[in-house]
Amino acid sequence: MTVLPEEGFSLAAEFPDATREQWQRLVEGVLRKTGTEVAGTAAEDALATVLQDGLRTRPLYTADDAAPEPGLPGFPPFVRGGRPEGTAVSGWDVRQLHAHPDPRRTNEAVLADLENGVTSLWLTVGAAGLPVEGLATALDGVLLDLAPVVLDAGPDTEAAARALLRLYDERGTARTEARGSLGADPLGTLARTGAAPEADTAALAAMCLGDRPNVRALVVDALPYHEAGGSAAQELGCSLATGVAYLRTLTDAGLGVDEACAQLEFRYAAGADQFLTIATLRAARRLWARVTEVCGASPAARAQRQHAVTSPVMMTRRDPWVNMLRTTVACLGAGVGGADAVTVLPFDSAIGLPDAFARRIARNTSSILLEESHLARVIDPAGGSWYAERLTDELARAAWAWFQEIERAGGQEAALRSGLVAERLAATWEERSARLTTRREPVTGVSEFPHLAEPAVERDTPPRPLSGGLPRVRRDEAYEALRARSDAHLAATGARPRVFLAALGSPAAHTARATFAANLLQAGGIEPVHEPASVDADTAAEAFGRSGATVACLCSSDAVYAEQAGAVAAALRAAGAGRVLLAGRRGERPPADVDEFVHAGGDAVAVLTSVLDHLGVAR
């Protein structure tokens, strides 16, 4: 029997250590085959992915990329979680959003959720959701000592908060058993509407502190900045500046720093980039721990209470079923990132008021990750990952720089009123929009793999959301506008706008670009018309005449284009094509009758808009 040594045993002991330089040389060889001549760190940089905020995801991380020590779970700087046990005891709080204006419909949905896995309620109250006077009906039959209630009432915060506190009293909920949040967020409301509510947040905080110690009065909601197109660092920086403003308000009113910290909950977006979501939540805790340390808070009071919400910006109106995949990845990122509460938006939330099936899928997303994937049984599963730790550190530094700029501008309120926040968020969204319109950031089911024949999903119309302040953007908005034009054309004429695909040569020659062109056209609501491959200009012109289209697109290889493109384009023009496209990049001698070249990385929205305009599709 062989006895292994107790210490120093390594399964890789007989293998020489690989160096970064060796790996880089292997990358150089691969890139050389693609025609890219780079060496050393440049080879590594060629494989890096550029993120927002000046961040870059590198292809390789090693111990040399280690970030600052993140500490232990439950201890400052709380990078690894706000509690030592993380969510391993009971999992994260599964929090469902309800915004139906009918109190009885809301009550039915609330009870169904609580009976099937939801552990807390998030209610939109006021003009954008449930009427304040309907709160008691909506919560009829809800055990308020077991189900925390979180309000989101905007300008109606004070009325909604007092209604909820009165409900606790009327139903005999014990002083310490009421949990949740009154949702006061005057700066968030200012961001949403352009006007701050007149609610006395300090008085609400003092009321909670004295009468309902487990109910928080304020929320620092970063969603308005995320929904206006902000980056992760901008979302974090705005939340820090808002949190600091609320600490000042509460301590000026006589609360201690620890008492003020206990009145705050932070709300962040969780996106489909799970690593960025993980890093965002970890960085948020680190940053808030530093802020509260400087403010004099005790170590235990520096932990940030976090509510993660799957990103509204990523939700699409076309092919909404794909939203289930997006929200699953976002929920995973939120859970691994250490969020205390997670809200998965129903897959149809971008279309209207969610139905029972959509709410079920939303709550089951958390249930499956918790009960079947056991995601919460490991404390900080991302801890120790060189990539996650490095990304957390770089994101925290970028967010801190933005936070400092806001503070130099006079704080969050001043930055909102002066337009500084709106201006920066708009610039960030403009940069991201360029990636969306060129499909460098693809949106599955919308800009990639669209399905024109998919039946529309119909939902009840929701109340009008709060507006007047920062805009609300969505990743699908440019393509949604194109598809809406196509839908209106279909309703008016009985047919969608069409483009004829002139596939030249063998299937091996034309399949790739014909598939690309069809995918591109459908993203704009344009129906591609296929015919068997054309072998010459005459057959292409005949097939075009039968198609009923007035625009054609040549699809083949560069070699076939060199032989046939000019003649085919001329024949198509003679057959009545008012516009001729070519799938591929412009060559040195482009055919005279080709109007535009469509290719990967080009401005898809601009091309599709011009085609719809040429086809006479109304805007």
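The values are calculated or read from the model by the stated rules, or taken from the named source; none is laboratory data. The structure presented is a predicted model; accordingly, all values stated were derived computationally and were not measured. Every residue, glycine among them, receives a Cβ derived from its backbone with ideal geometry; neighbour counts consider all protein chains shown. Protein only, heavy atoms only, side chains kept; ligands, DNA and RNA dropped before computing areas. Shrake-Rupley method; radii C 1.70, N 1.55, O 1.52, S 1.80 Å.
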Cα extents of region 577-619 along the three principal axes, largest first (Å): 35, 24, 10
Beta bridges by DSSP in the chain, antiparallel share as percent, to the nearest 5: 5 percent
Mean accessible surface per residue for region 496-592, computed with a 1.4 Å probe while every protein chain stays in place, in Å²: 43 Å²
Accessible area in square angstrom per residue, region 127-202, 1.4 angstrom probe: 39 Å²
Equivalent-ellipsoid semi-axes of region 431-555, from the Cα gyration tensor, Å, largest first: 34, 18, 11
Nitroxide proxy distance, nm - points 7 Å out along Cα→Cβ at Glu85 and Thr137: 4.0 nm
Å³ per residue enclosed by the Cα convex hull of region 250-398: 140 Å³
Other-chain or far-sequence residues with amide H under 5 Å of Leu554's (modelled H): Ala502, Leu581, Leu582, Ala583
Quarter of Cα convex hull surface for region 1-140, i.e. mean projection, nm²: 18.7 nm²
Kirkwood Rh in Å, taken over region 388-504 so that all alpha-carbon pairs contribute: 18.6 Å
Within region 390-487, GluC sites (Glu not before Pro) in DSSP loop having at most 12 other beta-carbon neighbours inside 10 Å: Glu458
Calculated P(r) of region 488-548 - Cα pairs past 16 Å, %: 48 percent
Region 343-433 - convex hull of the alpha-carbon atoms, volume per residue in Å³: 176 Å³
Relative packing of 372-380, 553-561, which averages over residues the other C-beta atoms within 10 Å, highest first: 553-561, 372-380
Surface share of carbon and sulfur [accessible, 1.4 angstrom probe, percent] for region 329-425: 51 percent
Average projection area in nm² (convex hull over Cα atoms of region 80-222, one quarter of hull surface): 9.0 nm²
Ellipsoid semi-axes in whole angstrom, largest first, where each is sqrt(5λ) of the Cα gyration tensor of the chain: 49, 33, 22
FRET E, pair Ala508, Ser367, Förster distance 35 Å, beta-carbon r, rounded to 0.05: 0.15
Acute angle (nearest 10 degrees) that the helix 477-493 long axis makes with the longest principal axis of the chain, alpha-carbon atoms: 60 degrees
Model label zone, Ala488; criterion: amide N under 13 Å from point 7 Å along Cα-to-beta-carbon; scope region 449-482: 481-482
Radius of gyration and maximum dimension Dmax of region 181-314, Cα, Å: 14.4, 42
10 °C / 1.306 mPa s Stokes-Einstein diffusion coefficient of region 500-619, Kirkwood radius on C-alpha pairs, µm²/s: 114 µm²/s
